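Novice: Encoded as structure tokens, here's the structure I'll be asking about.
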Amino acid sequence: MSERKLFGITVLFHTPDEIIHAASKVREAGYKNYDVHTPYPLHGMDAAMNLKPSKLGYITLAFGLFGAAFALLFMYWAMSIDYPMIIGGKPFFALPAFIPITFEVTVLLATLATVISMLAFFFKFPFNSHPLHDTPYMKAVSSDKYGICIEADDVLFDLEKVKALYKELNGQNITEIYSSVVEPFKIFEPKFLTLLTLVALLTSGATYITLNKLLYITPFDWLMNQSRVNVQSKSTFYADGFGMRKPVEGSVARNFIPYEYMGLIAPVVPLSNTLIPSNDILSLGKKRFLTFCSPCHGNYGDGDSRLNNQFPNPPSLHSEKVRGWQDGNIYHVIVNGQNVMPSYASQLSRDERWAVIHYIRVLQKAKNASPSEIIEAKKEILSNVAK
Amino acid sequence: MSQNDLVYQKKNLPDSLKRLGYLLLVIGLALGVAGFLFDAQRALFNYLLAFIFIMSIAVGSLFLVALEYIAGAEWSTPIRRVPEFLASFSPILIILVIPLLLNVHSIFEWSHKDIVAGDKILTGKSPYLNTTFFIGRTLFSIGVWSLFYFLFVRNSRKQDVTKDQLLTKKNIKLSAIFIPLFAITITISAIDWMMSLEPHWFSTIFGVYFFAGSVVAALAAVTLATVLLKEKGFLHPKMNNEHLFSLGALQFTFINFWAYIAFSQFMLIWYANLPEETYWFIGRWGGIWSYVSIGLIFVHFIVPYAVLLSQPAKMDQKKLKFISIWILCARVIDLYWLIMPQVHSAKAGVLTIFFEFGFLIAAVGGFLLVFYFNAKKHNLVPVGDPKLEKGLNFRL
Amino acid sequence: MNIDYSQELPVIERRISLAEIDRLISKPLDEKPDKKFFIALSITGTLLLIGVISISYLFLYGTGVWGLNQPVGWAFDITNFVFWVGIGHAGTLISAILYLLRQKWRTGIARFAEAMTIFAVMCAGIFPIIHMGRPWLAGYLMPYPNQHGLWVNFTSPLVWDVFAVSTYFTVSLVFWYVGLIPDFGLLRDRTASTLKKSIYSIFSLGWRNSHRNWQHYEKAYMLLAGFATPLVLSVHTIVSFDFAVSIIPGWHTTIFPPYFVAGAIFSGFAMVVTVLIFVRKVFDLQHIITLNHLDKMNKIILATSMMVGYAYGMEFFIAWYSGNPSEQFVFINRAFGPYAWAYWIMVTCNVLIPQLFWFKKIRTTIPIMLVIVIFVNVGMWFERFVITVTSLHRDFLPSSWGYFVPSIFDLGTLIGSFGLFFTLVLLFTKTLPVVAMSELKAVAEGAQPSHNGGKH
């Protein structure tokens, strides 16, 4: 019993007028740590207690503005930067269409911030262990009485003086309130450990059942069981029991038109280039040439391999023979291979082969131009620059 | 109950007000009429603008009076005379409308028989959009407003003397009848005077848009007058900040309401992107008009919103005065934005003509005079109203 | 009957002490539920069960079990959704807007209306989720960083709906709970049972009736009311955008936002009156929820009925005025086409019948009032049905016109939503105080200091 500390002294009043009067008297007496308890908010009590206006509005304003800015910027980022998509012919940053969500997020954040900060920071709730709880005083003030409690930690607090003040104000039921002794919370208490174990079991059990059982029952199994024949699986529908069908004889896969001179030494009628050289085509050709051709043929087609004789060096692409070839002949070599050179059909698509051929022609021209041609070319470049 | 030192004493408004009113009226009319010499078409539209400005304040105030009765509001009883005085322009509208009715042909495209005959859509609308029916509707609307104005005001003034509670009951009943009629007449006015300027365009919310703007303007005018009168001590001495707060809060609400309606209209037309609707907004986007359109959002919504947001601001007399004048200007810009593109869509740009606001200056002068003469004859506080005592003791 | 306009009508009829308020309102919580309660609960529980069965069946077999067809791809689901969201609006209106307007009479009905808001929004929330093909993937509607690198389409009105309805639900719940905290404190101090006491203690968070708390509490309540008011408008506005941003004639019209909001308040008030008529009788609250309150609510019903009527008229007029043949056809088809029956039910129930409320006698006679408000509920359900179905069933392409007939699963889900709503209402009346006790005390006679405590 000796550990119980005096928390404060309470007094009750019967009418709102009395409590307003009493509160202003208590304030005038200079007490700071006191509180008035009423079953409902009383008009005029703010003035009687000389309370400053609530600062809650600033929190609301700050979070409201934050919500608006956050929502708007986020939608701007998501719809205009991260994954821009034209929807309904609207601009990426479709401001009018962002207003509804901006508004909703503003309201949501502002209200939640207001309420949470009020409860957690202004009231310091939850606070069920307050000494005033479970007292006849609290029961009275939550029903129909009006009370004042001057707390013992006030600098001016003096048991007799406070009681005298209360008596002077004509207060009823003057009571001393003691705070109960708080026992330190023990982590290793068996009850608490049992609870923890139960929660752990329940959580893991529920997780297991959800992820391993629940999601595999109809209708959640829509990814596993679909009413179609899976690749490489059996089928009872066809007589041969195969689920997959062979394509019709002579079917050609898209973009896989077969090369008709495959295996021949030279094409009977060389094909002609299907592409018109342009900057894009030439840069594609260059890229593919440097990736697939240059290791053996060298960066400029001189046949100076980077492979340091691990592999026989190919002849130069600048020989009279190659320069005299039609595009179709080079194409034939790329697709078919020649001597030690294997087929590059699987590395290069049709268009890429033709692009590489254009690039080879560029290299050939560059290496073998006559002086007069160089002068012509320089003139052309200069005139282009002048323009 | 009422203490003797706090009883309302009737005072006449100063004569300087009358002089100022006449001065503004004369200058304004001179400027406006001079405008006709330079650009008659434009001057006519300026007159139309001023007419609608007056109409929205007068009729909006009448609505506020009816609203007080029907809602049983008490806080506004001590200042009810202010909207009553402002509404006294309603019967005058019948004179003001004459120049417009004489010039229907110069204002409305649909009044041109040859254009209508060659346009299938306008032919389809001609049972509604024709000069005879148009004049009939206008006279009907103004008639309804004037009739109810006389009835409300007669009962209210009689009560000053008789203190008869039955008169309040009568006015409540009148308000109940007036408000549906008001909804119809103000919609008709909005469609006739503004929407049909661009006869192909249509929007179902347009009547509500005009209503919102009118109430905002009327509230601004009421607030401005109340604050000025209170400062100079013409109102009941027991009037306090909380009356002003209610006015401020109501203004704040209707500013939001206006923005809500304006946004709804724009958003739906913008989103659906149907050419028969969007061209109206596109016409308000060419040249300098885009600045007017964007500016309207700031002038008519964001600035008043920011100013009136905080609680103390709604009671602050200075801020209320400032924002009321601001809102009245915003109303002019709103109407300008609604009406004027019809005159200069071809020129694609706002020409700041010196004479542009002549009729509006005259309108301000007119309101001052109306106020002065009303205040001379009648109490500025409805002393006989049974709700007055409660209204004066109003606490939040 | 002459009213004295210089006197205020008391919010609570006859003088009643504060302790008596406590006793009266917490009576249903202190007593064990009687037989009648269980009979009522079993009826609503049956309705709820019908809904559960319908929805389970839907989940198993997909939306094909509904009566939807090619032109009418949206019918009962959206109709019910809009209907229930609309019902929800009255609660926030009463608790927030009337609070801001300082209408003291709201205290008697605010708590109940707020509860109805929450329950109605719960009912509404079911429909958008079940109308998705795979409702268990509803989480995809939230914008979260996912493995697809995709975001939801923030310009889609359906995503606005997700934000609006979830915000509305959260804010209503918070608003309601904030209002309940002082009452939990009171219940905690009143009860004798230890179990109840610990439950109430947890929810009261240790409320102490301290004026230092009341001060912030009142401020917060006002801020919340200030936010809830535009929120309630925004929610039904966004619901109306679901329709109005499209280009379907009959859906695309600019008056939809305020028209939907007015309709929502209209239907919500009708539902609140319907339920309150029973509550005030059963729980003996006639002098707390007075005839005067019902009279005022009926006036609001009358006013909103005329607003809705204005919108009907305006839509019709502008459809003609627009000169757009598709627009004109839709409205003629509504009134005289295959769904004319639905249209005229709507007009009769929403515009014509509520006009009876012009008479004070009718506004204050309980049986007639009950019949009228039920008609309003029916009419407002049909309004949403008419908007959705009649606009869809005959659109631009006559070759794909159709007619929608609901299946039993459509009806079962609708019945189920009513079951859910009324079950929750019944449980609410027995678990929480149906009237906000602390608020009611604050407006009781003699509850406030007489000389205004020197304020100002």
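The values are calculated or read from the model by the stated rules, or taken from the named source; none is laboratory data. Values in this document were obtained by computation on a predicted structure and should not be read as measured data. Positions of Cβ are generated from backbone atoms using ideal geometry, with glycine treated the same way; all protein chains shown enter the neighbour counts.
Novice: Read through the list (1) farther than 19 Å from B:Tyr305 by Cα; (2) without any contact (Cβ under 8 Å) to a residue 12 or more places away in the chain; (3) facing another protein chain (nearest Cβ under 7 Å), then give the number of the only condition that A:Ala94 fails.
Specialist: For A:Ala94, the failing item is (2).
Novice: Then there is this: Kindly list the number of the only condition in (1) buried (at least 22 other Cβ atoms within 10 Å of the Cβ); (2) within 7 Å of chain A (Cβ to nearest Cβ); (3) among the acidic types (Asp, Glu) that fails for C:Glu218.
Specialist: Only one criterion is unmet by C:Glu218, namely (1).
Novice: Taking C:Met307 as the residue in question, decide whether it is under 18 Å from C:Val82 (Cβ atoms), of a type outside the set (S, T, N, Q), in a helix (DSSP H, G or I) and within 14 Å of chain B (Cβ to nearest Cβ).
Specialist: yes
Novice: Here's something else I'd like to know. Quick one: A:Leu56 ticks every box in (1) modelled with pLDDT of 95 or more; (2) touching a His at 6+ places or on another chain (Cβ under 6 Å) except a single one, so which number is it?
Specialist: (1)
Novice: Let me ask something additional. Residues in segment A:123-151 that are part of a loop (DSSP other than H, G, I, E, B), more than 7 Å from every other protein chain (Cβ to nearest Cβ) and either in contact (Cβ under 8 Å) with a residue 60 or more places away in the chain or over 50 Å from the mean Cα position of the chain (by Cα) (or both): how many?
Specialist: Of the residues in segment A:123-151, 3 are part of a loop (DSSP other than H, G, I, E, B), more than 7 Å from every other protein chain (Cβ to nearest Cβ) and either in contact (Cβ under 8 Å) with a residue 60 or more places away in the chain or over 50 Å from the mean Cα position of the chain (by Cα) (or both).
Novice: Scan segment A:245-270 and report the pairs whose first residue is closer than 17 Å to A:Leu348 by Cβ and whose second residue is part of a loop (DSSP other than H, G, I, E, B) and of a type in the set (S, T, N, Q), with Cβ atoms within less than 7 Å and a gap of 6+ or a chain change.
Specialist: If the second residue must be part of a loop (DSSP other than H, G, I, E, B) and of a type in the set (S, T, N, Q), the pairs left are A:Asn255/A:Ser349.
Novice: Also: Output the helices (runs of 4 or more DSSP H) that fall wholly within segment A:318-387 and possess 2 or more residues being surrounded by 11 or more Cβ atoms within 10 Å (Cβ to Cβ) and under 50 Å from the mean Cα position of the chain (by Cα), or say none.
Specialist: Once the helices (runs of 4 or more DSSP H) in segment A:318-387 are filtered for at least 2 residues that are surrounded by 11 or more Cβ atoms within 10 Å (Cβ to Cβ) and under 50 Å from the mean Cα position of the chain (by Cα), what remains is A:327-336, A:350-368.
Novice: Here is a list of conditions, (1) surrounded by 14 or more Cβ atoms within 10 Å (Cβ to Cβ); (2) modelled with pLDDT under 85; (3) among the charged types (D, E, K, R), and A:Arg306 meets all of them except one; can you say which number that is?
Specialist: (1)
Novice: Follow-up question, since we're still on this one. Residue under question is A:Ser235, and the condition is that it be surrounded by fewer than 10 Cβ atoms within 10 Å (Cβ to Cβ), farther than 30 Å from A:Gln326 by Cα and of a type in the set (S, T, N, Q); does it hold?
Specialist: Against the criterion (surrounded by fewer than 10 Cβ atoms within 10 Å (Cβ to Cβ), farther than 30 Å from A:Gln326 by Cα and of a type in the set (S, T, N, Q)), A:Ser235 does not qualify.
Novice: Could you tell me whether C:Ser240 is in contact (Cβ under 8 Å) with a residue 24 or more places away in the chain, of a type outside the set (A, V, I, L, M) and assigned to a helix (DSSP H, G or I)?
Specialist: No, not satisfied.
Novice: Within segment A:107-122, can you find the residues that are polar (S, T, N, Q) and either more than 9 Å from chain C (Cβ to nearest Cβ) or surrounded by fewer than 23 Cβ atoms within 10 Å (Cβ to Cβ) (or both)?
Specialist: If the condition is that a residue be polar (S, T, N, Q) and either more than 9 Å from chain C (Cβ to nearest Cβ) or surrounded by fewer than 23 Cβ atoms within 10 Å (Cβ to Cβ) (or both), then A:Ser117 is the only one that fits.
Novice: Identify the single condition in (1) within 14 Å of chain C (Cβ to nearest Cβ); (2) at pLDDT 85 or above; (3) surrounded by fewer than 17 Cβ atoms within 10 Å (Cβ to Cβ) that B:Arg395 does not satisfy, given that it satisfies every other one.
Specialist: Status for B:Arg395: all satisfied but (2).
Novice: Taking B:Tyr271 and the conditions (1) over 23 Å from the mean Cα position of the chain (by Cα); (2) at pLDDT below 90; (3) surrounded by 18 or more Cβ atoms within 10 Å (Cβ to Cβ), which numbered condition does it fall short on, given that it satisfies the others?
Specialist: Here B:Tyr271 clears every test but (2).
Novice: Within segment B:167-185, is there a residue that is closer than 23 Å to B:Arg42 by Cβ, more than 10 Å from chain C (Cβ to nearest Cβ), among the hydrophobic types (A, V, I, L, M, F, W, C) and part of a helix (DSSP H, G or I)?
Specialist: No, segment B:167-185 has no match at all.
Novice: Quick check: is even one residue across segment B:247-256 at the interface with chain C (Cβ under 9 Å from one of its Cβ atoms) and closer than 21 Å to A:Phe98 by Cα?
Specialist: Yes: one or more hits.
Per-residue answers, yes or no, for (1) surrounded by fewer than 18 Cβ atoms within 10 Å (Cβ to Cβ); (2) in a helix (DSSP H, G or I):
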residue: A:Val36; (1), (2): no, no
residue: A:Tyr40; (1), (2): no, no
residue: A:Ala47; (1), (2): yes, yes
residue: A:Tyr58; (1), (2): yes, yes
residue: A:Leu61; (1), (2): yes, yes
residue: A:Phe66; (1), (2): yes, yes
residue: A:Ala69; (1), (2): yes, yes
residue: A:Leu73; (1), (2): yes, yes
residue: A:Ala78; (1), (2): no, yes
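Novice: Which ones in segment C:227-260 are under 25 Å from C:His393 (Cα atoms), β-branched (Val, Ile, Thr) and either touching a Cys at 6+ places or on another chain (Cβ under 6 Å) or more than 9 Å from chain B (Cβ to nearest Cβ) (or both)?
Specialist: C:Ile238, C:Val239, C:Ile248
Novice: A further question on this structure: Please specify each residue of segment C:291-337 satisfying the condition of being buried (at least 19 other Cβ atoms within 10 Å of the Cβ), within 30 Å of C:Val272 (Cα to Cα) and acidic (Asp, Glu).
Specialist: C:Glu315
Novice: Now, a different point. Name the residues in segment A:145-163 that are more than 16 Å from A:Glu176 (Cα to Cα) and surrounded by 18 or more Cβ atoms within 10 Å (Cβ to Cβ), would you?
Specialist: Listed by number, the residues that qualify are A:Lys145, A:Tyr146.
Novice: If I ask for residues that are within 14 Å of another protein chain (Cβ to nearest Cβ) and surrounded by fewer than 24 Cβ atoms within 10 Å (Cβ to Cβ), which ones from segment C:70-98 would you list?
Specialist: Listed by number, the residues that qualify are C:Ile97, C:Leu98.
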